[in-house]
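The values are calculated or read from the model by the stated rules, or taken from the named source; none is laboratory data. As the structure is a prediction and not an experimental result, all values here were calculated from the model. Backbone-built Cβ (ideal geometry, glycine too); neighbour counts: all protein chains shown. Remember, those area values only see protein heavy atoms, side chains included, never the ligands or the DNA or RNA. Shrake-Rupley method; radii C 1.70, N 1.55, O 1.52, S 1.80 Å.
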Amino acid sequence: MTYHFQNPSDAIVKHYLKNSQVIAVVGLSDRVETVSNRVSMEMQKRGYRIVPVNPRAAGGRILGETVYANLKDIPFSVDIVDVYRRSEFLPDVAHDFLEADAKIFWAQLGLENEEAEQILRAAGRDDIIMNRCIKQEHTRLILGE
């Protein structure tokens with residue numbers, strides 16, 4: 001049987017988006033043609049603070065913000081961790097997420113991983129979204145488009 005993650009209700013996702021301000025983006029590229037860059041730029045325009053997480057670009061700047069090597073290096077609280085890494089890397093990101101001061105684990109459209117879900121739930125974390133685009137969900141649930 002194929003694994004299929006069950007996302008929270010629209011009401012909960014809307015609550016997450018309305019009550020969040022800081023989004024750490026794991027795998028944010030400095031290349032403007034990438035989906036991670038385009039979506040993050042749009043979320044930044046919509047009022048969110050974007051915190052880039054990319055070990056290859058650490059110490060530099062993407063979208064005007066300092067780039068961190070990993071989630072643990074971010075010296076302040078993060079509301080949403082938005083992940084743009086292939087599904088097989090989600091368990092590693094889940095472990096990093098648990099060591100960081102972050103509230104919501106969000107894997108972008110096309111990404112889900114059963115092991116990552118098990119890691120998060122075993123640690124008592126239920127604020128998990130997978131296989132959803134944060135920009136599309138924001139447009140649908142917050143902007144009502």
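Restricting to segment 1-24, and then to whatever is modelled with pLDDT under 95 and among the hydroxyl-bearing types (Ser, Thr, Tyr), can you tell me which residue is nearest to GLN44 (Cα to Cα)?
TYR3
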ask   = Filter segment 106-140 for residues that are aliphatic (A, V, I, L, M) and out of contact with any strand residue (DSSP E or B) (no Cβ under 9 Å at 6 or more places or on another chain); which is least open to solvent (accessible area, probe 1.4 Å)?
value = ILE119
request  = Considering each residue of segment 52-70, count those that are closer than 11 Å to ASP30 by Cβ and among the aliphatic types (A, V, I, L, M), and give that number.
outcome  = 4
ask   = Would it be correct to say that GLU145 is over 15 Å from VAL26 (Cα atoms), of a type in the set (D, E, K, R) and crowded, with 21+ Cβ neighbours inside 10 Å?
value = no
request  = Among the residues of segment 1-60, write down those that are crowded, with 16+ Cβ neighbours inside 10 Å, out of contact with any helix residue (DSSP H, G or I) (no Cβ under 6 Å at 6 or more places or on another chain) and either free of Cβ contacts under 8 Å to residues at least 12 places away in the same chain or hydroxyl-bearing (Ser, Thr, Tyr) (or both).
outcome  = TYR16, SER20, SER36, SER40, TYR48
